[in-house]
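FYI, it's all coordinate maths here, none of it is from the lab. Bear in mind the structure is a predicted one, so any value in this text is a computation, not a measurement. Heads up, the Cβs are rebuilt from the backbone with ideal geometry, glycines too, and the neighbour counts pull from every protein chain shown.
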Amino acid sequence: MSGGKTFWRSLDEYQRSDAFGEMLKAEFPSIFELWTADRRQVLRVMGASLALAGMTACKPVRSDDVVPFVYRPEGFLEGRTDHYATAVPFEGYAQPVLATTSAGRPIKLDGNPEHPAFRGGSTPFMQAAILDLYDPDRSQEPLMAGRPASWDEFDGQMVKWRDAWRASGGAGLRLLIGSTTSPTLLRQIAELKRALPQARVHLFDPLGGYAGGAPQRLRPKLDAADVVVSLDDDLLGPGPAQAIHGRAWGERHGDAQERMRLFVAETTPTQTGAKADRRLGIPPSRLAMLAKAIVGGGKVTLTDQELAWAKEARQALESTRGRSLLTIGPSAPPQLQAAALQVNRALGNVGRTCEVAAPLTYVPEPGGSFLDLVRDIEARRVSALFVLGPNPVYQAPGDIPFAALYAKVALRVHAGLHTDETGAISNWHLPLPHALEEWSDARSPDGLATIVQPVVRPMFDSRSLHEIVASLTADAVPSAREIVRKTWARQLGDDAAWAGALKTGFVAMPARAAAPANVIPPPSPAAAPKNGEVEIVIRPDPTIHDGSFANNGWLQELPKPLFKTTWENVVAISPRLAAELKVESGDVVRVESGGRAVEGPAWVLPGQPQQVITLYLGYGRKRAGRIGTGIGYDAYRLRSAAEPWNAVGTVKPTGERVKLATTQEQHLMDAEGADLIRTVTPAHPSALRNEEELDRTSFYPEWPEHDPAWGMVIDLDRCIGCNACVLACQAENNIPVVGQHQVYEGREMAWLRVDRYYAGEPDDPETHFQPVPCMHCEQAPCEMGCPVHATVHSPDGLNLMVYNRCIGTRTCSSYCPYKVRRFNWFDYTTDAPSPTEAQRNPDVTVRGRGVMEKCTYCIQRIEGAKVQADIENRDVRDGEVTTACQQACPAQAITFGNLADVESAVAGQRKSPRNYSLLGEQGTRPRTTYLAKIGDEPDGE
Amino acid sequence: MPQIFSRTADTWFRAVALGALVFAVAFFAGALAFARSQYWDDVALAPQQPVPFSHKHHISDDGIDCRYCHSTVETSANAGFPTTHVCMTCHSQLWTEAALLAPVRQSLAENRPIDWHRVARVPDYVYFRHDIHIAKGVACVECHGRIDKMPLTYRAKAFEMKFCLECHRDPAPHLRPREAVYDFDWKPPADHAALGRRLMAEYRIRSPAELTSCGTCHR
């Protein structure tokens, strides 16, 4: 039994407002608002549509040209895809991927299944990286003072500069690099320091801190942990190790024998908090105190709730010595890291559930931080600054006027993928290739290295970062490939070893001894707010991150896991503070701190600590490109170099109100009386509410049995709400981006959405995620609704959509109880700027205007596997067909396969007592079912 | 008061009504005939090619197997178009001076591909695969006609959906042993029906219900 608990999607629903009820009844909320036509108007529009419908149908199939190769490239097979192991960067770390190319163009990225740590898992950022390759706003040629120039001109200048540096030992020359793990770049930096001892390399790492490298942190190994206590560490949220942690999470949940218990204390709601068994919202000023309560010793002043949480967490840690883990987030005060190490040592966890290892990223030498660079520019010690990759003019903290300082440097050279805020005010801007176009290397968070190999020729006139760095000292620069090979000369010297490393996509690296722990600055207790002030937490945006993904349409339109807003950042505010300030979601608030202010729309976020507001970085870009420029507010303005993650300030409404493009209340299932989300407990292991749910009587004839019978099971206990599945679906199925205004109207096109539900009080709710694709109902209501048989059933159980038959009545969508059908209100693809069309999957139809579309269970993959099996005269094997969402899921929450095969994984999962159908009482017989989340205490009753 | 309508008004009205009806029927019949015409379906029209390539000569006179040029027909969705290099394996020795082959030599010399005009084409929303049809014993001739008798290549069959469905609804009469797939002169045995049934079982050909399901060709 599970009932009794009330789930809600938004505060409107929680308060049961009338407007919400009306909205629920409307299929598309936009129509509910706009539809005021009378009968005559309806008839007129209908007549016109009918007349026009006939005009568009007929077009003869004319012959076109076919252009064969002069010589066929070795191993190339027309009409087949190839796969290459490489990596895309995230925060300087490698995300090992397998790139799929079709006719020489990369069309999809997935986690490298053979990588021992990632094992095929994806993150949304990994999936979206392919769109950045085809970004039409990428910088395409070198610019000198903003005007197109050639590399020859740059090389000519370089000869002069190089001679001067050689004479002076590189005096005045500074390099500013972003966070990097590339062994080749680290080698080149070391060589540069030897060749030009006066030159200096500075690190710019806005997510690690401006004062130097990131503090040394424990490397968690979640798969070995029975109990994890996280203090503000968003393990399951965006980060370089998200896929690794997600995998470990999946393995310790669902049907796992030994479940992991997770305790999370967080200063702002995160995905990790959403999945916690015991969650605690706490303001940043009390986090250190909470840590003290867990570590023990000293007097603490905490609320009863906080004390109880700390006590339980401490007991859990101690009762599972050697199998527990205390982890501290990167934004927490650095001295807590040392305390955590101490605790884990004492509990015998080090070496089991976590490792102490030397940082993989570049650690600047003393005097090599960004703040040191700022001081040196102020002291006029910098004559030439090469900004190689990062965007400091945008990402510098608000208390450093870096744009003005930068202008004081005589020679400013910027290398990057875009002519961004920094590139625009540089003397030279140099285009860098995308990771899929270049030779490089990088290390994944587990310590393994990946050789980054190009999977496509550079599209633009770009030059590798390694070649640019080499040209600072060398007259004749070898190719990037040779530079990278030289780094690996000892380990991968012979060609076979090199080819092997490229093929598998990872290389082991000799582990370095753990460096001595970073110098821990004296504890600076987070400033406590004075009367009338609030604490401000600053975090990377859940989808745009630090702003480097701002021009990526997929990530912009991806609903943020917890708010479900798109296309802008919000100011998260607690329900109580919102009530105090009389603010609702969408009201613009002004946040002031340290004499600087930003204005952004409020989002009332259940679970947000009471007197805390959260700002999100990455928006307010001035030169991101046609997608990312000019949306949202710039939270970097409120950051300070000393305390980049926290601040204290005031918040007040401005009286303005904006409409947020949120998908939270769109595509709602009419949930009256239905248990959409279910939880089970060890005492009540069945997800079924009553025996009636097993009753299969129906007015309709049974769907005939057939082998194969495709079906899917989604494990809600494993789902971490990361959205990797959503973007994998978007990349695989040519799903268009519709833009902010269309999202307002409820017209976003994602075939797979992740619904977020809350339960309990808004101050401290439970959070649940539920991915909802098409259910492929055996008794599909949509099929009964379609007047032209455009949606029909296949014998193996797929609910098919025949685009050419569809006349766009949208009856199917109004009949669909799950609201998973999407309508092409406009032609979203024909005018898409080149070269974005090169990303499209040739095996999936690009839909035109006026047709319905929806999840197909990746029919192109099913048909591909069926054809291969038929050619070999055998049945399709279990596991041979994976859907794009299933393949991407780091937590392995999605299983797909043949239900008619009793041995198949999906048939096995269907037998679980946790299995239930969404809206099963409606008799739709969905082929997609869910496994209930497991709670550890009786819920409700 | 004079009569509004003349005496012949009724006759005029009937004649016009009949004329309109005849015109409407003729218009629709004409439109239908046009839509079903070879012109509309691009059938039997040999487009101008850069080189007047003769399948008849290469197959019937020289005895070259289809797969020599269309080398991926058994392994990929696409049959594969021969590269210039493939043409030149023979033509670097034969007809080396022929004026007709100048574009081929030029292509190799300049490393610039030849632009051929595709003859057999299905719409973009049809996902046709050569490999599975070959594996199940559907001969080239079933769709491409007697290409061994075409001096200039043209489309032999109208690639309309009904053409595909004809076979997908009842594949047996269109099947032959795999080894005869590329044989243009293959004659069905006397008991073709029995052979069809045997091959249906042997090649595990899916049921008509599955073969005619929309998702088999469209997605």
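When the protein assembly as shown is described by a simple charge dipole with +1 on each Lys and Arg Cβ and -1 on each Asp and Glu Cβ, the residue from A:Gln610, A:Thr629, A:Thr543 located farthest towards its positive end is A:Thr629. Each peptide in A:888-898, A:113-123, A:224-234, A:299-309 receives the mean, over its residues, of other Cβ atoms within 10 Å, and ordering these scores from highest gives A:888-898, A:224-234, A:113-123, A:299-309. Placing +1 on the Cβ of every Lys and Arg and -1 on the Cβ of every Asp and Glu, with no other charges, gives chain A a dipole of roughly 2100 debye about its Cα centre. The HN-Hα couplings worked out from phi for the stretch B:174-179 by the Karplus form 6.51 cos²θ - 1.76 cosθ + 1.60 (θ = phi - 60°) are 9, 9, 8, x, 3, 5 Hz, whole numbers, x standing for Gly and Pro. Label-to-label distance, A:Thr101 versus A:Thr629, with points set 7 angstrom from Cα along the beta-carbon direction: 3.2 nm. Where a ≥ b ≥ c are the square roots of the eigenvalues of the C-alpha gyration tensor, would you call the stretch A:885-941 rounded, which needs a/c under 1.5, or, failing that, prolate if a/b is larger than b/c, or oblate? The shape class here is oblate. Between the stretch A:247-313 and the stretch A:441-514, the alpha-carbon centres lie 41 Å apart. How big is D for the stretch A:65-119, in µm² s⁻¹ as a whole number, if Stokes-Einstein is applied with the Kirkwood radius of its Cα pairs at 37 °C and 0.692 mPa s? Result for D is 253 µm²/s.
Averaging 1/r over every pair of different alpha carbons in the stretch A:259-343 and inverting the result gives a Kirkwood radius of 13.2 Å. Gyration tensor over the Cα atoms of the stretch A:766-871: the corresponding equivalent ellipsoid has semi-axes (square roots of 5 times the eigenvalues, largest first) of 22, 20, 17 Å. Qualifying trypsin sites (Lys or Arg not before Pro) in the stretch A:858-941, where qualification requires a DSSP coil assignment and no more than 12 other C-beta atoms within 10 Å, comprise A:Arg874, A:Lys911.
The alpha carbon centroids of the stretch A:816-841 and the stretch A:732-788 are separated by 16 Å.
Between A:Glu693 and A:Thr6, the C-beta separation translates, for a Förster distance of 22 Å, into a calculated FRET efficiency of about 0.65. In this entry, the stretch A:751-815 is assigned a mean projected area of 6.0 nm², taken as a quarter of its C-alpha convex hull surface. Here the stretch A:72-92 is scanned for amide nitrogen atoms under 17 Å from the site 7 Å beyond the Cα of A:Ala496 along Cα-to-Cβ, giving none. Please work out whether the stretch A:550-598 counts as rounded, prolate or oblate from its C-alpha gyration tensor, where a ≥ b ≥ c are the square roots of the eigenvalues and a/c under 1.5 means rounded, while otherwise a/b larger than b/c means prolate and anything else oblate? Oblate shape, in that a/c is at least 1.5 and b/c is the bigger or equal ratio.
Please say if the stretch A:132-194 is rounded, prolate or oblate, where rounded means a/c under 1.5 for a ≥ b ≥ c the square roots of the C-alpha gyration tensor eigenvalues, and otherwise the choice is prolate for a/b larger than b/c and oblate otherwise? Judged from the Cα gyration tensor, the stretch A:132-194 comes out oblate (a/c at least 1.5, b/c at or above a/b).
Think of the stretch A:673-798 as having a plus end and a minus end, set by charges on the Cβ of Lys, Arg, Asp and Glu; of A:His684, A:Asn733, A:Val754, A:Asn733 sits farthest toward the positive end of this dipole.
Under a model in which nothing but the beta-carbon of Lys, Arg (+1) and Asp, Glu (-1) is charged, the stretch A:219-355 shows a dipole of about 300 debye around its Cα centre.
With Cα atoms as the point set, the radius of gyration and Dmax of chain B evaluate to 25.4, 99 Å.
Peptide B:208-215 has a mean shielding of 6, counted as Cβ atoms of other protein chains within 10 Å of each residue's Cβ.
Express in nm, to one decimal, how much length is gained between A:Ala407 and A:Lys311 on full extension, taking 0.36 nm for each residue of separation and deducting their alpha carbon distance.
In short, 29.2 nm is gained.
A DSSP coil position with no more than 10 other Cβ atoms inside 10 Å describes the following chymotrypsin sites (Phe, Trp or Tyr not before Pro) in the stretch A:627-725: A:Phe699.
From the gyration tensor of the Cα coordinates in the stretch B:147-219, what semi-axes in whole Å does the equivalent ellipsoid have, largest first, with each one equal to sqrt(5λ)?
The equivalent ellipsoid of the stretch B:147-219 has semi-axes of 22, 21, 10 Å.
Averaging over all projection directions, the Cα-based convex hull of chain A occupies 40.8 nm² in the image plane. Within the shell of other residues whose beta carbon sits under 13 angstrom from the beta carbon of A:Ser686, the net charge comes to +1, with Lys and Arg scored +1 and Asp and Glu -1. Under the simplified labelling scheme, the A:Ala900-A:Ala338 pair shows an inter-label distance of 6.7 nm, with each label point 7 Å from Cα along Cα→Cβ. Counting Cβ atoms of other protein chains within 10 Å of each Cβ in A:69-79 and taking the mean gives 6. A simple count of charges around A:Glu748, restricted to other residues whose Cβ falls under 14 Å of its Cβ and scoring Lys, Arg +1 and Asp, Glu -1, yields +3.
Charge tally around A:Glu656: other residues with Cβ under 13 Å, Lys/Arg +1 each, Asp/Glu -1 each, net +1.
When the Kirkwood radius is taken over all Cα pairs of the stretch A:307-372, what Stokes-Einstein diffusion coefficient follows at 37 °C and 0.692 mPa s, in µm²/s? Answer, rounded: 237 µm²/s.
Ordering A:Tyr803, A:Tyr758, A:Tyr700 by the number of other Cβ atoms within 10 Å of each residue's own Cβ, fewest first, gives A:Tyr700, A:Tyr803, A:Tyr758. For the stretch A:534-657, the calculated P(r), taken from all Cα-Cα distances in 5 Å bins from zero up to the bin holding the longest distance, is 2, 12, 23, 24, 21, 13, 4, 0 percent. Separation of the stretch A:550-619 and the stretch A:104-151, taken as the distance between their Cα centroids, equals 29 angstrom. When chain A is described by a simple charge dipole with +1 on each Lys and Arg Cβ and -1 on each Asp and Glu Cβ, the residue from A:Gln491, A:Ser168, A:Val881 located farthest towards its positive end is A:Ser168. Label sites at A:Thr504 and A:Glu378, each approximated as a point 7 angstrom past Cα along Cα to Cβ, lie 5.1 nm apart. Mean per-residue shielding of peptide A:868-880 is 2, counting Cβ atoms of other chains within 10 Å of each Cβ.
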